[in-house]
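Each value in this text was obtained by applying a stated rule to the coordinates, not by laboratory testing. Predicted, not measured: the structure shown is a model, and the values here were computed from it. Glycine gets a Cβ as well: all are built from the backbone with ideal geometry, and neighbour counts include every protein chain shown.
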Amino acid sequence: VHLAGTALDRPDWRADAEAALRGALAVAGDGSIRDSALCHGWAGLLQIVLRTAEDTGDPELHATADRLAARALDGFDPGSPFGFRYAHALAKRPLDRPGFLEGAAGIALALHTYATGRAPVTSWDSALMLS
């Protein structure tokens, strides 16, 4: 919605998207986020916050990104094959995933965006409708 609001010059859509993001951040916690994955995990929320912070220049969102990056990194497990495990609701144990949405690759991409402090050069997050 934020991206569409920007593309179509709809400040009301951007405001609604920012309000929705703030609502999601207010309830984000261990009860609603189970892992560091890009899809529904801490890294996904981190990437959304990073891109919105870049678009808006909101210093509060930049500060929130620090907290989200730390939460994503908390999921690092040196004993897992790819460094992170995915907590699928139907799996009896956390899964080892190397991929984009549920695995280490997506987490690494979001953390790279955070670490460099700039938008991805490749626009990899366009698959998530963020660029």
Relative to the chain, whose Cα atoms define the longest principal axis, helix 104-116 and its Cα axis are tilted in degrees, nearest 10, by 50 degrees
On the formula 1/(1 + (r/R0)^6), with r taken between the Cβ atoms of R10 and D30 and R0 of 30 Å, the FRET efficiency rounded to 0.05 is 0.30
If one builds a Gaussian network model of the chain from Cα atoms under 10 Å apart, the most fluctuating residue listed among A17, A108, A91 is A91
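Report the local net charge at L95: Lys and Arg +1, Asp and Glu -1, summed over other residues whose C-beta lies under 14 Å from its C-beta.
So the surrounding residues net to +1.
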Share of Cα-Cα pairs in the chain beyond 17 Å, whole percent, is 57 percent
With bins of 10 Å, the percent of all Cα-Cα pairs of the stretch 82-122 per bin from 0 is 30, 42, 21, 6
One point scatterer per Cα, no solvent, Debye formula: log10 I(q)/I(0) for the stretch 1-42 at q = 0.21, 0.24 Å⁻¹ comes out as -0.70, -0.77
Here FRET efficiency (C-beta to C-beta, D74 to V121, R₀ 30 Å, nearest 0.05) is 0.65
The simple spin-label model distance between H112 and S131, using points 7 Å out along Cα→Cβ, in nm, is 1.0 nm
